[in-house]
Amino acid sequence: MIEWRDAAILLAVRRHGETSVIIDTLTQAHGRCAGVVRGGTSRKIAPHLQPGAQLDVTWKARLEDHLGSFTIEPVRSRAGAVMQDRLALAGLQAVTSVLTRVLAEREPMEDQYHAAATLLDLMIATPAWPLAYLRWEVALLDALGYGLDLTACAVTGVRDGLVYISPKSGRAVSAQGAGDWADRLLPLPPCLLPGGEGSDADIAAALHTTGVFLEKAAGDRGLPDARRRLIDALARQSS
């Protein structure tokens, strides 16, 4: 019997049989891990199984590659804290669903666990979190091997006037360096640059750009609708 205990962020829940559920989690030390929660549809347990929830979990299985089962201890709910804030709720759903799509199972990613927990808590604490969400996606891309290089133009080497990103290399390109290829490049909103700021509409535009690279990380699974809903909500709020 294999057993371990860890801190976890709940990413997704799906029904399993009549009374159980399968939960997908991002754990601190064991990465993204799924398991069965017996009695997960009960009135006692179900209210605690909302995406974004912070849990203490114990995972057990006969063999390492088995699905295994979880015993959970609720730490705190996050969905309840943002339920009255549509934008923050959209953000929470985007974070949990994106992680479900792009992270490999059982690959330890402690930095990403802490980054996600910090971002989810920020959504509760301040309405200024959308820029932090964009920064989180950029850092996530870097961790997944699809990092953006926005330090200098890939063609000319200049560090100023960067307005495009190559969809192939993820490197920045200046207007001069783009030349006749400009229509094949992605826009580089200033808020994507280190220290850059922008409105919610600017952030939404930047998320269209980061989404191109997240699509590569997600592969056949594709990006979740929850992320598109967040982008739409940011664009609406800005207008």
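Residue-by-condition table, conditions (1) closer than 21 Å to Pro108 by Cα; (2) of a type in the set (A, V, I, L, M):
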| residue | (1), (2) |
| --- | --- |
| Thr19 | no, no |
| Thr27 | yes, no |
| Cys33 | yes, no |
| Gly40 | no, no |
| Pro51 | yes, no |
| Phe70 | yes, no |
| Ala81 | no, yes |
| Asp85 | no, no |
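Residue count for region 17-35 satisfying the condition of being modelled with pLDDT of 95 or more and over 21 Å from Arg101 (Cβ atoms): 3.
Test each condition in (1) in contact with a Lys or Arg (Cβ under 6 Å, 6 or more places away or on another chain); (2) over 19 Å from Asp121 (Cα atoms) for Leu26 and report the one that comes out false. Here Leu26 meets the rest and fails (2).
Looking at this structure, is Leu120 under 20 Å from Ala205 (Cβ atoms) and in contact (Cβ under 8 Å) with a residue 24 or more places away in the chain? Give the steps one after another, and end with the answer.
On the way: under 20 Å from Ala205 (Cβ atoms): no; in contact (Cβ under 8 Å) with a residue 24 or more places away in the chain: yes.
When the stated conditions are applied, Leu120 does not pass them.
Please return the ranges of helices (runs of 4 or more DSSP H) entirely within region 128-239 where 1 or more residues are open to solvent by less than 30 Å² (accessible area, probe 1.4 Å) and in contact with a strand residue (DSSP E or B) (Cβ under 7 Å, 6 or more places away or on another chain). Before the answer, list the steps.
Values: elements: 130-143, 175-178, 200-218, 225-238.
Hits in region 128-239: 175-178, 200-218.
Can you find, within region 68-101, the residue that is modelled with the lowest pLDDT among those that are part of a loop (DSSP other than H, G, I, E, B) and of a type in the set (S, T, N, Q)? The residue in question is Gln84. Just for region 102-127: of the residues that are of a type outside the set (D, E, K, R) and not in a helix (DSSP H, G or I), which one is least open to solvent (accessible area, probe 1.4 Å)? Applying the filter and picking the extreme gives Leu103. Across region 67-99, the number of residues qualifying as open to solvent by less than 30 Å² (accessible area, probe 1.4 Å), farther than 18 Å from Ala46 by Cβ and of a type outside the set (A, V, I, L, M, F, W, C) comes to 3.
Within region 23-67, restricting attention to residues that are assigned to a strand (DSSP E or B), more than 19 Å from Val95 (Cα to Cα) and hydrophobic (A, V, I, L, M, F, W, C), the residue that is nearest to the chain's Cα centre (by Cα) is Val57.
The values are calculated or read from the model by the stated rules, or taken from the named source; none is laboratory data. Given the structure is predicted, the values throughout are model-derived calculations rather than measurements. Here the Cβ is made from the backbone with ideal geometry for all residues, glycine too, and neighbour counts use every protein chain on show. These area figures cover heavy atoms from the full protein model, side chains too; ligands, DNA and RNA do not enter into them. Shrake-Rupley method; radii C 1.70, N 1.55, O 1.52, S 1.80 Å.
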